[in-house]
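Let me begin by presenting the structure, written as structure tokens, before commenting on it.
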Amino acid sequence: MQRSIERALEVLAGGCDSPVRSGWSAGLPMFVQASAAGAYAYDESGRRYIDYVMAYGPLLFGHTHPELVTGLDSLAEHGLVWGTTHGEEIRLAERIRAYLPSMQRLRFVTTGTEAMMSAVRVARAFTGRSRILKFAGNYHGHFDPALIDAGASAGAGGGGIPQSVRADVLVARYNDLASVDELLEGDETGLAAIMVEPIGANMGLVQPADGFLEGLLQRARRAGALLIFDEVITWLRFGLRGAQDRTPVVPDLTALGKIMGGGLPIAAFGGRRDAMAVLAPEGETFTGGTHGGNPFCVGMAHRVLDVLEAHPEYYAYMDGLARRLAAGFREIFTRRGLPYTVVQQESVVDFKFRAGTPAQNYDDACSADRTAFARYCKAMLERGVLLAPSQNEVMFLSTAHTAQDVDETLAAAEFALGAAATRNDLRAQ
């Protein structure tokens with residue numbers, strides 16, 4: 001693995017294509033993967049690891065699910081990319097709209113970053129304004145406005161972002177409507193949009209407080225701005241109707257990501273008919289790309305929806321496994337007298353190395369002990385459990401995980417937390 005890391009450093013910028021993969025935020029060596037199957041990742045030596053990264057969320061069925069990877073020639077035999085509109089693209093849009101009726105009109109793109117970037121452009125064109133309000137700890141991709149005080153693994157900073165862009169971005173505290181009001185006081189007329197993760201998943205798992213999303217919609221309406229839901233992680237991960245099924249709030253625009261294609265590069269943005277009408281050829285605002293709606297990825301997205309519609313029990317299965325994992329962590333923490341709080345929603349599990357109640361915002365998440373997490377993450381890797389090397393990330397389960405995988409993970413955690421506690425005790429002496 002070390003030789004591969006050295007080779008990567010010679011030819012890839014920073015040795016990787018995304019900073020978190022380097023392990024920098026946890027002070028860990030880069031994990032070099034050779035293959036994957038089911039719930040497992042394999043390194044170059046062939047060692048198996050229980051994978052809770054799951055490509056950062058989109059692999060609901062684990063790696064190489066037979067219903068997704070079998071017969072790929074049939075998806076490719078008529079071409080991978082056409083650059084024209086086609087029937088299956090239209091049918092996929094109809095299927096999505098049936099589950100997310102707020103997306104009255106939508107457009108396919110390639111990545112979640114493109115989806116959010118395009119939604120922001122639509123909001124600006126529709127309102128004729130430029131200012132965007134976002135929340136610290138929410139990650140919306142790597143276009144300029146989104147990276148300011150972003151969560152996920154974007155903590156490397158905002159180099160290359162012009163001051164003129166920063167001037168148009170207001171950053172509020174998640175679950176804190178007072179911070180929103182403070183930022184908007186006396187200047188609501190310049191606001192184009194509020195963009196938010198309806199369930200926070202990029203500063204750990206953070207639930208919206210009662211009334212928070214409703215308050216955002218009220219403030220958007222009062223300001224004449226649009227409300228954008230970033231459902232890149234939450235749609236399909238939290239059901240076919242996503243986070244929108246858990247709140248009475250109907251967003252004006254929504255962004256979806258690669259989970260719809262089983263991890264392949266396909267995403268979408270859409271929303272109110274009148275707002276989306278600003279896009280060319282109806283309006284004068286451009287978004288587009290040759291790969292948007294390409295037949296191969298569209299075909300894979302149909303397969304994903306087919307599997308979920310045929311197996312509604314999959315969600316209960318993943319929720320059961322996640323509950324088992326969360327309960328096991330709680331038992332370990334109680335037994336060891338550790339003050340950490342476990343949060344779990346359906347197939348997502350998370351805890352932070354911080355005392356007290358679950359995190360409510362990015363300030364809470366950033367107060368966690370990064371050194372303790374790094375020791376824990378390293379010890380888990382040594383015991384055959386692959387975690388994202390950033391405490392802002394969460395653990396994603398899939399239909400491929402088993403109760404045995406969960407129990408093996410908890411045994412590894414017992415060891416990892418015990419080893420960390422022993423090292424702490426030695427340092428204290």
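The values are calculated or read from the model by the stated rules, or taken from the named source; none is laboratory data. Predicted model, so just to flag it, every value in this text is computed and none were measured. Note that we place each Cβ from the backbone using ideal geometry, even for glycine, and neighbour counts take in every protein chain shown.
Anything in the stretch 18-42 that is closer than 10 Å to Ser390 by Cβ and of a type in the set (S, T, N, Q)? List them, or say none.
Listed by number, the list holds a single entry, Ser25.
Residues of the stretch 245-265 being closer than 19 Å to Val122 by Cβ, among the hydrophobic types (A, V, I, L, M, F, W, C) and in a loop (DSSP other than H, G, I, E, B), which ones?
The initial filter retains those residues of the stretch 245-265 that are closer than 19 Å to Val122 by Cβ, namely 249-257.
Still in the running and among the hydrophobic types (A, V, I, L, M, F, W, C): 249-250, 253, 255-256.
Once the filter is applied, which keeps residues that are closer than 19 Å to Val122 by Cβ, among the hydrophobic types (A, V, I, L, M, F, W, C) and in a loop (DSSP other than H, G, I, E, B), the stretch 245-265 yields Val249, Val250.
Which of the residues belonging to the stretch 75-92 are in a helix (DSSP H, G or I) and free of Cβ contacts under 8 Å to residues at least 40 places away in the same chain? First the steps, then the outcome.
In the first step, residues of the stretch 75-92 are kept if they are in a helix (DSSP H, G or I); the result is 75-76, 87-92.
Correct list: Gly87, Ile90.
Scanning the stretch 334-344 for residues that are within 15 Å of Leu417 (Cα to Cα) and touching a residue at least 12 places away in the same chain (Cβ under 8 Å), which turns out surrounded by the fewest Cβ atoms within 10 Å (Cβ to Cβ)?
Looking only at the stretch 334-344, we keep the residues that are within 15 Å of Leu417 (Cα to Cα), and these are 334-342.
Of the ones still in play, those that are also touching a residue at least 12 places away in the same chain (Cβ under 8 Å) are 336, 338-342.
Numbers: Arg336: 12, Leu338: 18, Pro339: 9, Tyr340: 19, Thr341: 17, Val342: 19.
My answer is Pro339.
Which pairs have Cβ atoms under 6 Å, sit 6 or more apart or on different chains, and link a residue in the stretch 7-30 that is farther than 21 Å from Glu382 by Cβ to one that is of a type in the set (A, V, I, L, M)?
Gly15/Ala8; Gly15/Leu9; Pro19/Ala156
Among Arg91, Arg105, Arg131, Arg97, which is the only one that is more than 21 Å from Arg241 (Cβ to Cβ), basic (Lys, Arg) and not assigned by TED's automatic domain parsing to the domain that holds Ala359?
Values: Arg91 fails: more than 21 Å from Arg241 (Cβ to Cβ); Arg105 fails: more than 21 Å from Arg241 (Cβ to Cβ); Arg97 fails: more than 21 Å from Arg241 (Cβ to Cβ).
The unique qualifying residue is Arg131.
Hey, does the stretch 86-97 have a residue that's in contact with a strand residue (DSSP E or B) (Cβ under 8 Å, 6 or more places away or on another chain) and surrounded by fewer than 18 Cβ atoms within 10 Å (Cβ to Cβ)?
Yes, some residue in the stretch 86-97 is in contact with a strand residue (DSSP E or B) (Cβ under 8 Å, 6 or more places away or on another chain) and surrounded by fewer than 18 Cβ atoms within 10 Å (Cβ to Cβ).
Pick out the one residue from Gly288, Gly263 that is closer than 29 Å to Ala76 by Cβ, outside the structural domain of Asp369 (by TED's automatic domain parsing) and surrounded by 19 or more Cβ atoms within 10 Å (Cβ to Cβ). Before you say what the answer is, go through the steps one by one.
Working: Gly288 fails: surrounded by 19 or more Cβ atoms within 10 Å (Cβ to Cβ).
Exactly one residue qualifies, and that residue is Gly263.
Which residue is farthest from Gly293 (Cα to Cα), if the candidates are limited to the stretch 240-278 and must be of a type in the set (Gly, Ala, Ser) and within 14 Å of the chain's Cα centre (by Cα)? Outline the logic, then answer.
Here is the first cut: in the stretch 240-278, the ones of a type in the set (Gly, Ala, Ser) are 242-243, 255, 257, 261-263, 267-268, 270-271, 275, 277.
This time we only want the ones that are within 14 Å of the chain's Cα centre (by Cα), so: 242-243, 255, 257, 262-263, 267.
On the way: Gly242: 21, Ala243: 24, Ala255: 15, Gly257: 13, Gly262: 15, Gly263: 15, Ala267: 9 Å.
Filtering the stretch 240-278 for residues that are of a type in the set (Gly, Ala, Ser) and within 14 Å of the chain's Cα centre (by Cα), the one farthest from Gly293 (Cα to Cα) comes out as Ala243.
Within the stretch 165-194, take every residue that is closer than 18 Å to Asn138 by Cα and polar (S, T, N, Q) and give me the one that is surrounded by the most Cβ atoms within 10 Å (Cβ to Cβ).
Going through the qualifying residues, I end up with Asn175.
For the stretch 221-233, which positions are surrounded by 24 or more Cβ atoms within 10 Å (Cβ to Cβ) and out of contact with any Pro (no Cβ under 6 Å at 6 or more places or on another chain)? Show your work before the answer.
So the first thing to find is which residues in the stretch 221-233 are surrounded by 24 or more Cβ atoms within 10 Å (Cβ to Cβ), and the list is 225-233.
Within the stretch 221-233, Ala225, Leu226, Ile228, Asp230, Glu231, Val232, Ile233 qualify.
Among the residues of the stretch 346-359, which ones are of a type in the set (S, T, N, Q) and surrounded by 20 or more Cβ atoms within 10 Å (Cβ to Cβ)? Break it down stepwise before answering.
Pass one, the stretch 346-359, residues of a type in the set (S, T, N, Q): 347, 357.
If the condition is that a residue be of a type in the set (S, T, N, Q) and surrounded by 20 or more Cβ atoms within 10 Å (Cβ to Cβ), then Ser347 is the only one that fits.
Which is within 18 Å of Ile199 (Cα to Cα), of a type outside the set (A, V, I, L, M, F, W, C) and not assigned by TED's automatic domain parsing to the domain that holds Gly87, of Asp319, Asp245, Asp230, Asp252?
Values: Asp245 fails: not assigned by TED's automatic domain parsing to the domain that holds Gly87; Asp230 fails: not assigned by TED's automatic domain parsing to the domain that holds Gly87; Asp252 fails: not assigned by TED's automatic domain parsing to the domain that holds Gly87.
The unique qualifying residue is Asp319.
Can you spot a residue in the stretch 69-87 that is closer than 25 Å to Asn361 by Cα and touching a helix residue (DSSP H, G or I) at 6+ places or on another chain (Cβ under 8 Å)?
no
For Asp407, state whether it is of a type outside the set (A, V, I, L, M, F, W, C), in a helix (DSSP H, G or I) and modelled with pLDDT under 95.
Values: of a type outside the set (A, V, I, L, M, F, W, C): yes; in a helix (DSSP H, G or I): yes; modelled with pLDDT under 95: no.
Spelling it out, it is not the case that Asp407 is of a type outside the set (A, V, I, L, M, F, W, C), in a helix (DSSP H, G or I) and modelled with pLDDT under 95.
When the stretch 24-72 is examined, which residues are found to be among the small types (Gly, Ala, Ser) and either part of a loop (DSSP other than H, G, I, E, B) or modelled with pLDDT under 95 (or both)? Steps first, please.
Keep residues of the stretch 24-72 that are among the small types (Gly, Ala, Ser), which gives 25-27, 34-39, 41, 45-46, 55, 57, 62, 71.
Hits for the stretch 24-72 are Ser25, Ala26, Gly27, Ala39, Ser45, Gly46, Gly57, Gly62, Gly71.
What do you reckon, is Pro248 without any contact (Cβ under 8 Å) to a residue 12 or more places away in the chain, farther than 30 Å from Val69 by Cβ and out of contact with any Pro (no Cβ under 8 Å at 6 or more places or on another chain)? First the steps, then the outcome.
Values: without any contact (Cβ under 8 Å) to a residue 12 or more places away in the chain: no; farther than 30 Å from Val69 by Cβ: yes; out of contact with any Pro (no Cβ under 8 Å at 6 or more places or on another chain): yes.
The answer is no for Pro248.
For Gly299, are the conditions met, namely being over 20 Å from Gln207 (Cβ atoms), modelled with pLDDT under 95 and either assigned by TED's automatic domain parsing to the domain that holds Arg97 or surrounded by fewer than 14 Cβ atoms within 10 Å (Cβ to Cβ) (or both)? Steps first, answer last, please.
On the way: over 20 Å from Gln207 (Cβ atoms): yes; modelled with pLDDT under 95: no; either assigned by TED's automatic domain parsing to the domain that holds Arg97 or surrounded by fewer than 14 Cβ atoms within 10 Å (Cβ to Cβ) (or both): yes.
So Gly299 fails the test.
State the number of residues belonging to the stretch 8-21 that are among the charged types (D, E, K, R) and either more than 14 Å from Gln33 (Cα to Cα) or in a loop (DSSP other than H, G, I, E, B) (or both).
2
Among the residues of the stretch 97-115, which ones are of a type in the set (Val, Ile, Thr) and either free of Cβ contacts under 8 Å to residues at least 12 places away in the same chain or part of a strand (DSSP E or B) (or both)? Quick ask: steps written out before the conclusion?
Of the stretch 97-115, the ones of a type in the set (Val, Ile, Thr) are 109-111, 113.
Answer for the stretch 97-115, where residues must be of a type in the set (Val, Ile, Thr) and either free of Cβ contacts under 8 Å to residues at least 12 places away in the same chain or part of a strand (DSSP E or B) (or both): just Val109.
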